[in-house]
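Student: To start, I am sharing the structure in question, which I have written as structure tokens.
Computed from the coordinates by the stated procedures, all read-outs in this text should not be read as laboratory data. The structure presented is a predicted model; accordingly, all values stated were derived computationally and were not measured.
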Amino acid sequence: MREFVGEIALTDGSPSDPNPDREIPYLRCKECGTPCYVFEVEVGHVTEALCLACGNDVVSGFTVGEWDDDEG
Ligand SMILES: [Zn+2]
């Protein structure tokens with residue numbers, strides 16, 4: 001049984017707005033794993049992308065690269 005925490009602090013009226021400082025350094029193509037630098041971003045959201053290696057141009061076929069690649 002969980003304890004219910006009855007106090008939720010909602011002070012500011014802006015719920016999780018995107019951080020404008022957070023830019024996307026590059027995209028990684030899911031098809032071939034190549035970092036791709038040809039893409040369009042609007043308000044932190046990728047609208048267009050193109051992989052020069054395999055020609056993938058489906059936005060959902062990319063993952064957002066991170067500045068600090070800290071995998072294992
Ligand atoms: Zn690719």
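Student: Quick one: which residues, 5 or more positions from Val64 or on another chain, have an amide H under 5 Å from its amide H? H modelled 1.01 Å from N in the peptide plane, none for Pro or chain starts.
Tutor: Here the answer is Arg28, since their amide H atoms fall under 5 Å of that of Val64.
Student: Can you list the HN-Hα couplings for the range 23-33, worked out from phi with the Karplus curve (6.51, -1.76, 1.60; θ = phi - 60°), rounded to whole Hz and with x for Gly and Pro?
Tutor: Rounded to whole hertz, the list is 8, 8, x, 5, 10, 10, 5, 6, 6, 10, x.
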